[in-house]
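**Q** Once you've had a glance at the structure underneath, I'll fire off some questions.
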Amino acid sequence: MAVIRTALLLLLMLASGLAGISYEILYGRLFGNMIGDQFVVSAAVLITFLLGIGIGALFAWRLLRWLWLIEGAIGAIALLLVAGRDAIEYLLYHGWPMAGIGGSLLFCCTFLLLPALLIGCSVPLFAHLLQREGMRERIFSIVYATYNLGAAATALLIEFWLLRRFGIGTTIILFAGVNLTVGLLLFLLYRDEPPPEQPASIGWVELTGGEWLALLLASIASAAFQLWAIKIAEMVLGPFRDSFAIVLAIVLTGLVLGAAAVRLWRWRLTTVLALAAAGMIASGLLLQPVMTGYAWIYHLTIDHLAANTLLKITALTLLLLLPATAFGATIPALLRDEEHLAHDSGQLLFASALANSAGFLLMTLLLHRALAYGGQLLALIALTLIALIAAADGRRLRAILTAGVLACCALLVVGRWWNENLLYIGHTSFEDRDDLAWNLDRFDFADAWRGFQDVFSISWMDGDPYFFINGYISIPLNNPSEKVVGAVSSIFAPRLDQALVLGLGSGATASAVGRFFGHTDVVEINPVVRANLFRMRRWNYDIEQNPRVAIHVDDAIHFMRIAPAPRYDLILNTVTTPLYFSSSKLYSSDFFRDVKRNLKPNGLYVTWMDSRIGNRGADIILRTLQGSFRHCALLYIKSAYFLLLASDAPIRAFHPDLAAQDPLVRRDLWRHRINAAWLQYQLLTTDAWRLIGDRRAPRNTLDHPALEFAMSGGREHDLSRFRKRLYHAIRHHAMRAAALPGAVWDPGAAVVHAHRMLHDSTIYHRVRDTLAAEEPRLVARWNHALLVQDRMAVAFAPTAEHFYRLGKRLLDLRRYGKAAEAFRHTLQLDERYHNAHFNLAACNEAKHRLEAALRHYRREVELEPEDAEAVYRVARVLVKMKRMKQAADWFARAEAMRRKQPPSFYYYRGLMEAASGARTQAIADLTRALGINEADRDILDLLLRLKREQAAAR
């Protein structure tokens, strides 16, 4: 019977562990949905749980008979928080007396402190119950391992199944049911037992001063190392929730293995600390080889979520498990006397929790901001080695020697094998071995700045600057796409009074919007991005100096809920892809309700998607938007980068010339050969609802973030099926539908602009073919648009190259006089410009200015002696000028330079030969010319005339 009771107790302990850690994760999501995923929320949740669990553990021994009630209360509080979340949110925004960061921090702590205190009581009290059941040896190690085994399983279970299947609220209810069940079973199991004897005040655990110091330092290093590991995981695997879940699961597994190792091998504290330092050294040494191997294997797992997740777990386990196991053994290694188990373990857990909180603060406030990641690792190793020396009261010399050897190893590893650049090339580089090698090879350097928990960098590759934030790397900062997003969104806004841009980033998009609107609010969640915005001023029109732009460091959800409404004519969402942490919230139906509350009547909401959304993700976004807005249009930015424009009013290009009327924007876009006057032509359809493939796709909500889970499923990272539907949805009338009555809509300009933005993609070809079928004069309009482009290039930058391009365009259109003028400008700027003399000569020849033509053809031959065509053209002009003897020498020279000649070569040489009396040779050349070009009437007439003359002479 005792064995059964013990086994049941262990099972209940495992279930309690399953539920315990879940609340830290789930409450973080719950309050993040209310307040937003700001640093203050994550900090409040973490510190509250660390301190609450520590304090709960410290006083747990006073509550020996009430474990059943504590477990039940944990579940009951969870149910109350879920049931009352609307009321809690209302209190936050309408009744909470404190505003700002301090108010949000206190709000979170108020609601989370009690459950954290109760959860902290569990481990010491379960240990006490096991002791009552007759277990006598290493009880705490068993309890610690069992409880954290459940917690490790929970970390993965929540992220990879429960939330995807049930959503946040239902998952909390499920775990609340676990706690209530545990409480009920504990009550039934021990209701007939006499209450345990309450011990008198015992005092503190009997440890030496060095051991207390070692515990505190090791706990500080452990917490800081966990944060370091999370950042490394974000930067190489991506800033995803599953990266965090895997790191958390490995850390908790380390606690299990550490407790088991102490029980099996009786590890001393000095052994534990030496292993922790060695494990961190191994983490630094193995990072590049492990991630290189990851890149080699990744493509084999991309279509299988389980295999892909297993690969990530394997990579992080190789990097983190040894130090996590060593740190996990710290408290079990110190708990030698188990006579007063609940009391002593509670004190150690309390001290460790306090030190963990200090480690969190040390990492966020000092180490992360002051040191590169290699330097942070060295600091944590040093802290652990100091703890090692402090713990070795009787063997101090040996500990110092061990610490010295490990310190030398750490310096060698970080100095020689640690590659900091690996962290700044973007997590997608690790998804392909060739991409990894290529990006490392072209990486120049990173200008990195770290905040409390975020890292921002301008990563330079092949001379181009890339915006980098927490493992995500964007398109180059000097790429015009983000400014196009801001400009084209403004063109379709119904009014230009007030705008809101969600996501500052480099400032490029917001700066474009800020130039067009009377006032623009910009919301950025990352303080480190805001603090370093001035470093990107060359790429964002120096947005900080625009008096019409106000920048707010806040979470978009929080900002939208505290803003007075309705307020904005345009709300533009530019945050990173929904796969990253909190971004998917800005694609939820809950958020869209906040958007509509903040939009003026018929205001415009704009969001974006690219190939990373996937076909399933595109359906979820469109279905969710459809639940909130009546109309939705789609515009292209690139071939796999689209904007969705949503409103309750039909989508219209209200300000088609807006970007072209701003000299700075117009000139800046033109540097990339983008005509600001043609941005309106990027609209492909005003009925994006037709592009939904699965009408039963779920709608994305805060409680059930289906979009985040669809994107992290590992199967689809392209828009192939969506693009196929889009291809068939592109129609002439659909493209013109947004034009205002009477507005100019130029199909030629639409085709030219599409080719510039989309290149030779299938979408471009569909646009071109669709307009060609409906516009009989498309070719003429197309040529005119190309000519407009070249004239604009000359107007913005009158360089030799631009004049030459204009001249070529005019020459192709047979506008020889204007073409000659353009080529003369080219030569004034660069007398040796390639082929400029040749084309100017061609214009003069076409206008029968033969002397000028001859002069420039000869100059071309001087500059390009191997240009056989120029040599032939000299001969041709000489024939036209009746200078046959000179022409013969040039024909001979041209024939020697190339074997295959055009028909005109033989025609003009035939003319020369006929004029010189060499009829036989003339007839032979003309016959060859006619054989190459049978349709040339001039050749045929001349040939017949020469044959008649030859026959008459006979």
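**Q** Run the quick spin-label model on Arg442 and Arg824: label points 7 Å from Cα toward the beta carbon, then report their separation in nm to one decimal.
**A** Between Arg442 and Arg824, the label points sit 4.4 nm apart.
**Q** Okay, moving on. How far apart, in nm, are two points set 7 Å out from the Cα along the Cα-to-Cβ line at Arg62 and at Arg268?
**A** The two pseudo-label positions are separated by 3.7 nm.
**Q** For Lys312, list the aspartates and glutamates whose Cα falls under 15 Å from its own Cα; do not include residues on the same chain fewer than 8 positions away.
**A** List returned: Glu159, Glu234, Asp242, Asp303, Glu431, Asp432.
**Q** I would also like to ask the following. How much net charge surrounds Leu362 when only the other residues with a Cβ under 15 Å from the Cβ of Leu362 are counted, with Lys and Arg +1 and Asp and Glu -1?
**A** Overall, the nearby charge balance is +3.
**Q** Working with all protein chains in place, sort His94, His784 by solvent-accessible area computed with a 1.4 Å probe, largest first.
**A** The ordering from most to least exposed comes out as His94, His784.
**Q** Further question: Considering only protein heavy atoms, what per residue accessible area in square angstrom results for the chain with a 1.4 angstrom probe?
**A** 40
**Q** Which lysines have a Cα less than 30 Å from the Cα of Lys882, not counting those fewer than 8 places away in the same chain?
**A** By straight Cα distance, Lys882 reaches Lys808, Lys818, Lys847, Lys900, Lys947.
**Q** In addition: Cα to Cα, under 19 Å, and not fewer than 8 places away if on the same chain: which aspartates and glutamates meet these conditions relative to Lys600?
**A** Excluding near neighbours in sequence, the set is Asp497, Asp521, Asp569, Asp590, Asp648.
**Q** Given a 1.4 Å probe and heavy atoms of the protein chains only, how would you sort Leu106, Leu310, largest accessible area at the top?
**A** The residues order as Leu310, Leu106, largest area first.
**Q** Related question: Scan the stretch 802-893 for GluC sites (Glu not before Pro) in coil per DSSP, keeping those whose Cβ has at most 14 other Cβ atoms within 10 Å, and list them by number.
**A** Glu831, Glu866
**Q** Can you tell me, using C-alpha contacts under 8 Å and at least 6 residues apart, the relative contact order of the chain as a whole percent?
**A** 9
**Q** Keeping the other protein chains in place, figure out the carbon and sulfur percent of the accessible area of the stretch 482-745, with a 1.4 Å probe.
**A** The nonpolar share, carbon plus sulfur, comes to 50 percent.
**Q** Multiplying the sequence separation of Glu774 and Phe534 by 0.36 nm and subtracting their Cα-Cα distance, what value in nm do you get?
**A** The span from Glu774 to Phe534 would gain 81.5 nm if fully extended.
**Q** Let me ask you something else. Give the carbon-plus-sulfur fraction of the accessible surface of the stretch 778-952 in %, rounded to a whole number; probe 1.4 Å, heavy atoms of protein chains only.
**A** Answer for the stretch 778-952 is 50 percent, counting heavy atoms of protein chains only.
**Q** Classify the stretch 431-472: rounded, prolate or oblate, from the alpha-carbon gyration tensor (a ≥ b ≥ c, eigenvalue square roots; a/c under 1.5 rounded; otherwise prolate if a/b is larger than b/c)?
**A** In terms of gyration-tensor shape, oblate.
**Q** So, one more: Provide, in order from the shortest bin, the percent of all Cα-Cα pairs of the chain in each 20 Å bin, continuing until the bin that contains the maximum pair distance.
**A** Once binned at 20 Å, the Cα pair distances of the chain give 12, 35, 27, 15, 8, 3, 0, 0.
**Q** Over the stretch 431-472, what percent of the accessible surface lies on carbon and sulfur atoms, probe 1.4 Å?
**A** Carbon plus sulfur share of accessible area: 42 percent.
**Q** Label-point separation (nm) for Leu69 and Arg849, each offset 7 Å from Cα along Cα-to-Cβ?
**A** 10.5
The values are calculated or read from the model by the stated rules, or taken from the named source; none is laboratory data. Just so you know, these numbers come straight off a predicted model, no measurement behind them. Because the Cβ atoms are built from the backbone with ideal geometry, glycine has one as well, and the counts that use them run over all protein chains shown. SASA here: full protein model, heavy atoms, side chains in, ligands and nucleic acids out. Shrake-Rupley method; radii C 1.70, N 1.55, O 1.52, S 1.80 Å.
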